[in-house]
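**Student:** Right, I'll just put the structure down here and ask away after.
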Protein chains: 4
Amino acid sequence: MPENNEHENPASIRGKTVDDISRRRALTEKITGADLKKIGSFSISPESASKNIENMIGTIQIPVGIAGPLKIKGEYTDGEYYVPLATTEGALVASVNRGMRIIGLSGGARTMVLQDNMTRAPGFRTGSITEARALVRWVEEHYGEVKEKAEATTSHGKLLKIDPFVVGRHVFLRFYFFTGEAMGMNIVTIASEAASNLIAEKTGATLVTMSGNMCVDKKPSAMNLILGRGKHVQAEVVIPETVVAEKLHTTPSKIVDVSYIKNFLGSARSGALGFNAQYANIVAATFLATGQDAAHVVEGSAGITTVEMTKSGDLYVAVSLPSLPVGTVGGGTHVDTQREALNIMGCFGKNSAKKLAEIIGGAVLAGEISLMGAQAAGDLGKAHKSLGR
Amino acid sequence: MPENNEHENPASIRGKTVDDISRRRALTEKITGADLKKIGSFSISPESASKNIENMIGTIQIPVGIAGPLKIKGEYTDGEYYVPLATTEGALVASVNRGMRIIGLSGGARTMVLQDNMTRAPGFRTGSITEARALVRWVEEHYGEVKEKAEATTSHGKLLKIDPFVVGRHVFLRFYFFTGEAMGMNIVTIASEAASNLIAEKTGATLVTMSGNMCVDKKPSAMNLILGRGKHVQAEVVIPETVVAEKLHTTPSKIVDVSYIKNFLGSARSGALGFNAQYANIVAATFLATGQDAAHVVEGSAGITTVEMTKSGDLYVAVSLPSLPVGTVGGGTHVDTQREALNIMGCFGKNSAKKLAEIIGGAVLAGEISLMGAQAAGDLGKAHKSLGR
Amino acid sequence: MPENNEHENPASIRGKTVDDISRRRALTEKITGADLKKIGSFSISPESASKNIENMIGTIQIPVGIAGPLKIKGEYTDGEYYVPLATTEGALVASVNRGMRIIGLSGGARTMVLQDNMTRAPGFRTGSITEARALVRWVEEHYGEVKEKAEATTSHGKLLKIDPFVVGRHVFLRFYFFTGEAMGMNIVTIASEAASNLIAEKTGATLVTMSGNMCVDKKPSAMNLILGRGKHVQAEVVIPETVVAEKLHTTPSKIVDVSYIKNFLGSARSGALGFNAQYANIVAATFLATGQDAAHVVEGSAGITTVEMTKSGDLYVAVSLPSLPVGTVGGGTHVDTQREALNIMGCFGKNSAKKLAEIIGGAVLAGEISLMGAQAAGDLGKAHKSLGR
Amino acid sequence: MPENNEHENPASIRGKTVDDISRRRALTEKITGADLKKIGSFSISPESASKNIENMIGTIQIPVGIAGPLKIKGEYTDGEYYVPLATTEGALVASVNRGMRIIGLSGGARTMVLQDNMTRAPGFRTGSITEARALVRWVEEHYGEVKEKAEATTSHGKLLKIDPFVVGRHVFLRFYFFTGEAMGMNIVTIASEAASNLIAEKTGATLVTMSGNMCVDKKPSAMNLILGRGKHVQAEVVIPETVVAEKLHTTPSKIVDVSYIKNFLGSARSGALGFNAQYANIVAATFLATGQDAAHVVEGSAGITTVEMTKSGDLYVAVSLPSLPVGTVGGGTHVDTQREALNIMGCFGKNSAKKLAEIIGGAVLAGEISLMGAQAAGDLGKAHKSLGR
């Protein structure tokens, strides 16, 4: 009868003060017998995380290592950056760091953000395929009205476009917003809901779900690979053949082979949406460090690495991440340690979200170079053994 | 000239002591101008994380909330569990907690692990399609020898089988191991490498890449959805119609509609591999809390939720996650705070990895119920607004 | 030494007259020992097929059955149609015919074409990600010029838009054309090539391939499922519960179950892009009858069937084929027998391509109803046995 | 009131004699006003097609061209073959023929069938995830009994294995049969149904659908790309650099580029399951000529072409079609013209299905070489223009 014993349930204690946290943790310890001293000993202020958690009992600490300098030049980056990586996968920081050194020895990488938006796709049910088409037409004809309704809910979000998708008598409307320095899911959900209620009201359709899985939020999808979501980030570098030889102990041609067989043949045959070596590792480590939504690693794992020989025999490597959702305000970015991590890279203020995206793009590039180089040199197992990965 | 100024580069400082960490952090602060006091103030012992990180400068703290009790019965679970969730997504803990309460009011959920293995798929190049087939046959005929070679590298890993995939003159061998309480990537990589070297030597093939992306590690893939990787976890519950009405303020039929339109129509049309509402959120939060590899959220986001009306008008909900890679030893599970989180659920000792998988399955089920219920009741935007999600 | 014995090679005989065909066939008979009398005895005039084949030796005859009447109402259809189906799969015509009878008993189906275009996507290589973005911008800024160049090659094709996709330093431009009554691949290839040569010349990029597999022509792809190609056709019908009972010997609820388990659960778990029962069968049979490109069955097999109970307990069924490439001029539509088949449905003149698409949509709907009904009634194996399918 | 006017409906006339066909056609002409003289003038005997069609009114004639000789050596082929291609796509026969000439000048191609089976996957519903697992275990423990039941229905089919897939409380059982010279869908459906009825009876599960879309029959799917269905065919050739220069007017390196950018980058970014240039065209043309099921072009369009430079600068090309369903008995193979087409290649008797599969593999290889060569030489548009494609 849990309803009658709520004092026995730590999850039933409300409140966000340090005292609330302590009581909740103490009760958890009492019930489960677990000692939670380390979880309970944290340096962030609960206030900084008050919007990020309920039923807080403390913090999980993820070790953070520093990699760099990462020399990149993009639209919002130009210089050498140190990149904090929060991970528990041994060898990962060393691997990325090695890749950054190689990028540096190659004169630095070029980075860019090709596209920048956040999406939400509510799903409507109408009475027939005719009504479904009518809904789409209504939206096209009243786009201004819909935009106004959506944008009235937010000071930062700007509606960019709406893509309609009809399945039988159902309609999915994929709303695209520019959301400034915020990753923007929150903004977009609220703005799309206002617009969707208007559409439902005017067309008589039923708004069945505010998130119709054509957003696509946190599920692997061809949609996001094809059309993008969040930032579409690219980064590239040309690595001189001599650097490949000296630092990676292999040849450009062998790395091209690894890329071809691993990233294309293997991914193709396995029905994969990621044609890359390890985007997810670097995306996860930078996302955790900087307060991004860890579940968005799903989107960030999709993308295509291209590895090519140049005419002069050097190695061209580029990464292309069409759906990297990142921000520098909102979400977990205000938690004290995450804010510090953002500060390491100077990621605050105008255009800092794009700056962060470019830096992550460069770090992902470093990770690809290092891992493919290790595989080409036959070192994968060895690295795992010696560095305890 | 970074090579000459290595003392200026925090990433060049070696060593894993608290002093090394402090020096590295101080240097990072000096170079970047960032104040890293909070990152530098942590309660875990660097020793507990020594195999998990290089170039450590401190820790990122992720707030952890407690949800529960989660009442489940499975092969390795039987009772009420409190589940730690590390996240910065506001409303998530509250949402999961609500789902758990509904599960409790419904008499609890049933959980199970259908399959349990870890995979690695090296890629070989041979000289022709004839040689490719010969390689496959050699492996079939010498399976015992290959198994012996692989298992000689590990005290825990047991080779279960090898699936061959031929693409032109290339061969991918997908090794499946049972790895006990460890998630097992490390074990499997080393064991597969030993076996692969033997195969390359005996057949004359070139081992191009130890990880040929048919593993498939940390990339979204139909392969893992179809064949599974890690634990295949399932959980189910029947929620009485009255509980749906009172606690979710909606009807079973409306939730069935949300599932149909969102999880099936929307996911189908977007070419998604996740036919669910929010697996990734709960997988990420439990993975971070318990020291799993955050990049494995990619695998964990794939899967299929089934929502059906029972004959008596109640609501049947099941989750099916075919590729959930989790362990209770190795990786980040030994970091102090993560170990404490595992202790909350009693996840140590024999079969604890399966126990953990079942608990995560139950938590994922709770998340599905709560989010689909909120969407059916038209509450998604509201929840985000009031809880700051 | 085949080069020296070209008179011995039937494939080396040029010419398109009946005599050329006979000589070629006779030589084939001589060399292979096969009797080709039936292949050699045909009723079409070689002139009607002169642009459709090289090295002709005769014809393959595919039996054609008639199904109908199909009662439909759409934008370009209104009435009862008889549909020719060319197939060698026993039971298929009977199955479709049964579905049409049920549609008729339900008052007819509604059909529509939601979208109508043909695409081609050349692939360019540039020197860097910066140049790739510059190419995209050049196209945006010179859209009028590009459009003019493309349309100068055709009297029927109108460029609708260009979607750019960047992968590293490569750019794919997906050209969308309206092509009137023609399916349009030919028109689109030539027009896109003219435009692409202009773009390559002006930007300095290399046009590597005129068809960069983002068209996507004749490969299964999420792209076409999501964005469409050719006609996006929909058709729907509400079948009274009594008709389901009397004619399909089952219940609406059982058919909903078949659709859910087969078309959604099964297709989801197998990583399929077709969430339907048998689109490909009906698409193939109508395509063969009417001179469409048989390889386009690949595109036509993708799509989503929705089966739902209405509030009054009847059965709502809709089909959604986002990528059905069809035409009534060009290609095989001028071959005598295929032209006759088009005439059966009155598919000639203005808007006849859309009319044909709507009729095929209705026939596909009939096929879905019949097959799902048979499976719900447990008759699949029986039908195959008795009708020799 | 169609029921009362059945004499007015050609689809209501039963019977398979020439006279029935004539009456049906005459009535169709009368109702629709279409002249069906050419459709009505055919050389096949209706008896040869009696199991392939209902409501026959005549035949559609597809022009067939001859390509060859195709020089190949495999397990069931050794020599020079002429390949009939039924198509209405201008330039296709010429293109394939050119590819075959290049194969011949390169000393011939190597072909093989790696795997050979036909599948069917019924879908069951049970009461719970526990019952779902119990069903799987029952099948494992009673495999002999299940096999006996299945094989009792057929003299040719041999059950090879059953792969279970569990989704919540639903179970899909993928049955794999060897079906000799038949493509085997029919055999497999009937045999699986017998086995499924036994399983349903013994376990109490409901057999919801005999074809649960995990077969996967005629829908594009990662399942078939990964696990195969029908024959897994491969073919390869090494083309000397001089032949590439003289006959394709390009270089090996340029063709490698086309393959990389088109077949890998383009297909990857579009979420495609076909990493090839034009498998579907050749599969369709050979399938139509030889009486295969045209809807199976869907399966045949999936697969991976590998194009690589050899150390000596020559061009290695291989095709890999994991799911090519073909047979030489049953289905449309007995229609007179189709039988003649099979005779051209000597495809009758023991192992002729595999022989046919190898020949198609070689023809597909020819098509890839020719099309990629044309694109590398910049000739695609030109070919379409001059040959009327």
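The values are calculated or read from the model by the stated rules, or taken from the named source; none is laboratory data. Bear in mind that the values here come from a model prediction, so they are computed numbers and not experimental data. Every residue, glycine among them, receives a Cβ derived from its backbone with ideal geometry; neighbour counts consider all protein chains shown. All accessible areas refer to the heavy atoms of the entire protein, side chains included, with ligands and DNA or RNA removed. Shrake-Rupley method; radii C 1.70, N 1.55, O 1.52, S 1.80 Å.
**Student:** Go through segment C:346-377 and report how many residues are in a helix (DSSP H, G or I), in contact with a Phe, Trp or Tyr (Cβ under 6 Å, 6 or more places away or on another chain) and open to solvent by 10 Å² or more (accessible area, probe 1.4 Å).
**Tutor:** Looking only at that region, the number is 2.
**Student:** Only one of (1) assigned to a helix (DSSP H, G or I); (2) within 14 Å of chain C (Cβ to nearest Cβ) fails for D:GLY79. Which number is that?
**Tutor:** Result: D:GLY79 fails condition (1) only.
**Student:** When you check C:VAL233 against the structure, is it in contact (Cβ under 8 Å) with a residue 40 or more places away in the chain, under 30 Å from C:GLN338 (Cβ atoms), open to solvent by less than 10 Å² (accessible area, probe 1.4 Å) and at the interface with another protein chain (Cβ under 7 Å from one of its Cβ atoms), yes or no?
**Tutor:** Here the answer is no, as C:VAL233 does not meet what is asked.
**Student:** Check off (1) at the interface with another protein chain (Cβ under 7 Å from one of its Cβ atoms); (2) closer than 23 Å to A:ALA280 by Cβ; (3) open to solvent by less than 10 Å² (accessible area, probe 1.4 Å) for A:LEU36 and give me the number that stays unchecked.
**Tutor:** For A:LEU36, the exception is condition (2).
**Student:** If only one of B:GLY74, B:GLY68 is open to solvent by less than 10 Å² (accessible area, probe 1.4 Å) and either closer than 30 Å to B:ARG110 by Cα or of a type in the set (Asp, Glu) (or both), which one is it?
**Tutor:** That would be B:GLY68, the only listed residue that is open to solvent by less than 10 Å² (accessible area, probe 1.4 Å) and either closer than 30 Å to B:ARG110 by Cα or of a type in the set (Asp, Glu) (or both).
**Student:** Shifting gears a bit: C:ALA195 fails exactly one of the following numbered conditions: (1) farther than 30 Å from D:LEU225 by Cβ; (2) in contact (Cβ under 8 Å) with a residue 60 or more places away in the chain. What is the number of that condition?
**Tutor:** (2)
**Student:** Could you please give the count of residues in segment C:150-169 that are over 28 Å from the mean Cα position of the chain (by Cα) and in contact (Cβ under 8 Å) with a residue 40 or more places away in the chain?
**Tutor:** 1
**Student:** Looking at segment B:357-374 only, could you name the residues that are more than 11 Å from B:GLY74 (Cβ to Cβ) and either more than 10 Å from chain A (Cβ to nearest Cβ) or at pLDDT below 95 (or both)?
**Tutor:** Matches in segment B:357-374: B:ILE360, B:ALA363, B:VAL364, B:LEU365, B:ALA366, B:GLY367, B:GLU368, B:ILE369, B:SER370, B:GLY373.
**Student:** Examine segment C:42-49 for a residue that is within 30 Å of C:ILE226 (Cα to Cα), of a type in the set (Asp, Glu) and either open to solvent by 20 Å² or more (accessible area, probe 1.4 Å) or in a helix (DSSP H, G or I) (or both), and state whether such a residue exists.
**Tutor:** no
**Student:** Also, quick follow-up: Could you tell me whether D:ILE53 is out of contact with any Leu (no Cβ under 7 Å at 6 or more places or on another chain) and more than 30 Å from C:PRO10 (Cβ to Cβ)?
**Tutor:** Here the answer is yes, as D:ILE53 does meet what is asked.
**Student:** Look through segment C:135-169, keep the residues that are buried (at least 22 other Cβ atoms within 10 Å of the Cβ) and not in a helix (DSSP H, G or I), and return whichever of them is modelled with the lowest pLDDT.
**Tutor:** By that ranking, first place goes to C:GLY157.
**Student:** Can I ask one more? Do you know which residues across segment B:102-134 are at the interface with another protein chain (Cβ under 10 Å from one of its Cβ atoms), crowded, with 24+ Cβ neighbours inside 10 Å and in a helix (DSSP H, G or I)?
**Tutor:** Residues satisfying the conditions are B:ILE129, B:ALA132.
**Student:** Among the residues of segment A:268-294, count how many are within 21 Å of B:MET223 (Cβ to Cβ) and of a type in the set (Gly, Ala, Ser).
**Tutor:** Here the count works out to 8.
**Student:** May I pose another question? Tell me which residues, restricted to segment D:233-257, are within 30 Å of the chain's Cα centre (by Cα) and of a type in the set (Gly, Ala, Ser).
**Tutor:** Answer for segment D:233-257, where residues must be within 30 Å of the chain's Cα centre (by Cα) and of a type in the set (Gly, Ala, Ser): just D:ALA235.
**Student:** I need a count of the residues in segment D:24-41 that are part of a helix (DSSP H, G or I) and more than 12 Å from D:GLY58 (Cβ to Cβ).
**Tutor:** Residues flagged as part of a helix (DSSP H, G or I) and more than 12 Å from D:GLY58 (Cβ to Cβ) within segment D:24-41 amount to 4.
**Student:** Determine the pairs where a residue that is more than 7 Å from chain D (Cβ to nearest Cβ), located within segment C:47-73, has a partner that is part of a loop (DSSP other than H, G, I, E, B) and open to solvent by less than 10 Å² (accessible area, probe 1.4 Å) with Cβ atoms under 6 Å apart, the partner being 6 or more residues away or on another chain.
**Tutor:** Close Cβ pairs satisfying both conditions: C:SER48/C:VAL335.
**Student:** Out of the residues in segment C:184-224 that are outside any loop (DSSP other than H, G, I, E, B) and out of contact with any helix residue (DSSP H, G or I) (no Cβ under 7 Å at 6 or more places or on another chain), which is most open to solvent (accessible area, probe 1.4 Å)?
**Tutor:** Step by step, filter segment C:184-224, then rank; the result is C:GLU201.
**Student:** Same structure again: Consider only pairs whose beta carbons are under 8 Å apart and that are at least six residues apart or on different chains; among these, list those whose first residue lies in segment D:120-138 and is under 12 Å from B:MET112 (Cα atoms) and whose second residue is of a type in the set (Lys, Arg) and part of a strand (DSSP E or B).
**Tutor:** That search, which allows pairs on different chains as well, returns D:SER128/B:ARG110; D:ILE129/B:ARG110; D:THR130/B:ARG110.
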